[in-house]
Amino acid sequence: MTGYAVATSESAAGTLTIEIKSVNSRFLDLQFRINDDLRALEPDLRSAIMAAITRGKVELRLSFGRKAATAGTQALNLPLLTELQRLQSEVGGLFPGVQTMSVAELLRWPGVIEEAQIGQESLQADVAALTARTVEAFVQSRQREGAALEAMLISRIEAMEGIVKRITPLIPQVVAAFQQKAVERMQDALGLACQGSNSALSKQDALERIRQEVILYGIRIDVAEELGRLSAHLAETRHILKKGGQVGKRLDFMMQELNREANTLGAKASVKELADASMELKLLIEQMREQVQNLE
């Protein structure tokens, strides 16, 4: 799920800023944008993120702004100046009369002026403290979005429970009406087929055979069992959401189970009301699935 947090702190050497943001992803994908002189801290930053979340495409930016140089914080790189002097003498020997570098040019030469070394241990401690603060704010932002997603999922569960409640009383009526209609059609068909024949099948045997076939087909179109499992799966989905914690993978599984029952309901549907209910259920399940894949 998405989240965002940024924090800044002042260290002895300058200003540290950490920004963390994430977008939806089924897996954990970490990206770091870090100053080169702080690149060694990436493993610690990675560990801090992985300890807090398990899903999302996360980008962390760590920037460091050095403080302006003050008296006593800069020094000349004497070995480099000595080397420049030697090289300049050699060039002068090869090209007599060549102009030598001025003091200003020497001071602008890369590396001639050295800043006081930053205490690595102190800087690492400052980064660790700032990281902990930023990660905490980042997790809280994701929790707020998680609460909104939970409300959305609950609303879809309630809608599905309403559909199940609406069509459950129809099932006995649908099966009974279908069986009656099927018996009448099969009796008519059997009567036409047997006219003028010398079939040994008695009328009573024929009626019994019709009754058995209709009962068997009625069992095949009876979706009471599927509706019962749908209700059980919806109750379990509610329980998972209420329990909290890392629910993403468990909810993924529940979406598969809900979709399976909704598909079976559609395959068995013998009246328009059941077919429509199956389509409504699958639409709601798909809406839930899109969001569930983003939850931890």
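The values are calculated or read from the model by the stated rules, or taken from the named source; none is laboratory data. All values derive from a computational prediction rather than experimental measurement. No Cβ is skipped: glycine too gets one built from the backbone with ideal geometry, and neighbour counts run over all protein chains shown. Quick note on the areas: whole protein, heavy atoms, side chains included, nothing else; ligands and nucleic acids left out. Shrake-Rupley method; radii C 1.70, N 1.55, O 1.52, S 1.80 Å.
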TODO: Subtract the Cα-Cα distance of residue 107 and residue 125 from 0.36 nm times their separation in residues, and report this length gain in nm to one decimal.
DONE: 3.1 nm
Open item on the list: With a 1.4 Å probe and all protein chains kept in place, how much accessible area does residue 10 have, in Å² rounded to the nearest 10?
Closed with: 130 Å²
Open item on the list: Need one word for region 19-111: rounded, prolate or oblate. Basis is the Cα gyration tensor (sqrt eigenvalues a ≥ b ≥ c); a/c below 1.5 gives rounded, then a/b vs b/c decides.
Closed with: prolate
- [ ] Roll a 1.4 Å probe over the protein heavy atoms and report the accessible area of residue 296 in Å², nearest 10.
- [x] 40 Å²
TODO: Name all residues of region 249-267 having a backbone nitrogen under 18 Å from the label point set 7 Å from the Cα of residue 225 along its Cα→Cβ direction, giving them as ranges.
DONE: 257-267
Task: Sites residue 168 and residue 28, calculated FRET efficiency, Cβ-Cβ separation with R0 41 Å, nearest 0.05 - done: 0.50
Open item on the list: With bins 10 Å wide starting at 0, give me the P(r) of region 75-114 over every alpha carbon pair, in whole percents.
Closed with: 31, 51, 18, 1
Task: 29, 36, 44, reordered so the largest accessible area comes first (probe 1.4 Å) - done: 36, 44, 29
Open item on the list: Tell me the carbon and sulfur percent of the accessible area for region 75-114, rounded to whole percent, probe radius 1.4 Å.
Closed with: 66 percent
Task: Calculated on alpha-carbon atoms, Rg and Dmax of region 6-56 in Å - done: 12.5, 40
